[in-house]
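Enquirer: Sharing a structure with you now.
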Amino acid sequence: MNLDPIPPKFIFFGVKRSICPYNFYGISHCGCEEAGNRILVKTNALLAEPPMVEKWNEAEKISFMKNRIASLSETPTCPNLSTLLLHHNELHRISSSFFEYMPKLTILDLSRNRFLWYLPKEISKLVSLEYLNLSYTGKKEIPRELKNLVMLKYLNLEGLRLLVKIPLQVISSFSRLQVLNMYWCGTLYGVTEQDIVQCGGNVLLVQELQCLKNIIALDVSIKRVTALEKFLTSKMLLKSTQSLYLQQLSTLHFLNLSSFLNMERLDRLSFVECESLEELKIDWDWERRDQYSQVTRPSSSMLNARN
């Protein structure tokens with residue numbers, strides 16, 4: 001096994017949906033290995049609690065994925081830790097001091113912890129964090145303090161169906177963000193009228209997405225026709241969109257899919273509970289694709305909603 005330090009990086013394989021966010025020395029799927037004190041791996045070990053925090057002190061990479069860990073109540077001191085993988089556990093509580101002493105943490109994966117409803121606001125102290133995966137957790141709200149993670153390049157919120165609130169100016173603060181996954185996010189509840197950025201709820205989400213000038217891969221959910229109309233006017237968002245989840249567009253009754261021709265990366269388009277949609281026109285004319293590429297705003301013939 002090669003133990004030469006490998007800096008955390010994002011590896012794009014060229015296939016749109018195959019993005020490997022970290023390289024964990026090839027041991028992330030092993031049952032239990034240690035490489036000196038720099039790598040600590042205990043996966044599929046049926047752990048109900050994490051190993052004693054004293055073992056974390058010198059670690060650079062830690063994986064406790066695929067266990068039964070329910071709580072992180074200690075305060076580990078990890079001055080050199082860059083990668084922490086805790087996905088596929090039973091986490092429901094993370095103490096406010098857990099992230100206190102992890103100044104070099106670059107990669108954090110908390111995905112597939114379905115009982116993890118809240119994050120401590122102290123996560124904002126992870127000032128070096130570039131990769132954050134919260135997909136398929138039980139989160140209902142994104143803490144406002146998350147906006148301090150200005151180094152983020154990858155944020156995965158896929159499958160957060162319970163998520164109903166994202167504070168203003170959080171998404172837009174991630175100026176370095178390259179990958180954002182909000183597919184099937186905030187889809188369990190209907191749209192409300194609060195002054196918050198909801199997952200797919202209102203135009204505020206699209207406005208914040210338009211601030212992500214470095215975005216190259218976007219998966220998003222939209223639940224309002226006005227938000228969809230604004231979304232379809234943004235060349236930047238169209239160019240980067242991989243997946244689009246359209247739900248409960250109650251006033252939409254006609255849609256011409258030529259509106260989506262500028263989505264060069266699009267490989268997943270879902271319509272859910274769009275009961276008013278009466279006609280879906282598919283008019284792909286690939287010989288005249290360049291002509292469609294000039295469309296920056298959907299015309300009334302492409303996108304028609306009842307008032």
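We did not get these values from a lab; they are worked out from the coordinates using the rules stated. Here the structure is a predicted model, which means the values were calculated and not measured. When we count neighbours, we look across all protein chains shown, and the Cβ atoms used for this are built from the backbone with ideal geometry, even at glycine.
Enquirer: Sum up the charges of everything whose Cβ sits under 12 Å from the Cβ of Asn89, counting Lys and Arg as +1 and Asp and Glu as -1, but leave Asn89 out.
Expert: On the way: positive: Lys42, Lys66, Arg68, Arg93, Arg112, Arg114; negative: Glu49, Glu90, Asp109.
Local charge sum for Asn89: +3.
Enquirer: Here's a follow-up. Where a Cα-Cα gap under 16 Å defines reach, which lysines qualify for Lys230, not counting those fewer than 8 residues away within the same chain?
Expert: Within the straight-line cut-off, Lys230 pairs with Lys239.
Enquirer: What is the mean projected area of the alpha carbon convex hull for segment 57-166, to one decimal in square nanometres?
Expert: On the way: hull surface 23.1 nm².
Computing the convex hull of the Cα atoms and averaging its projections yields 5.8 nm².
Enquirer: Which lysines, on any chain, are close to Lys165 with Cα under 17 Å apart, when same-chain ones fewer than 8 places away are left out?
Expert: Lys121, Lys139, Lys140, Lys147, Lys223
Enquirer: Ranking Asp267, Asp219 by Cβ neighbours within 10 Å, fewest first, what do you get? Show your work: numbers first, answer last.
Expert: Working: Asp267 11, Asp219 23.
Listing Asp267, Asp219 from fewest to most nearby Cβ atoms yields Asp267, Asp219.
Enquirer: Here is a follow-up. Using every Cα-Cα pair within segment 230-276, state what percent have a distance larger than 17 Å. Let's see the in-between values first.
Expert: Working: 370 of 1081 pairs.
When every Cα pair of segment 230-276 is considered, 34 percent fall beyond 17 Å.
Enquirer: Could you list, bin by bin from short to long, the percent of Cα-Cα pairs of segment 110-181 in 5 Å steps?
Expert: 4, 18, 28, 32, 17, 3
Enquirer: Grab the other residues whose beta carbon is less than 11 angstrom from that of Leu244, score K and R as +1, D and E as -1, and report the net. Numbers along the way, then the final one.
Expert: Numbers: positive: Arg265, Arg268; negative: Asp219, Asp267.
In short, 0.
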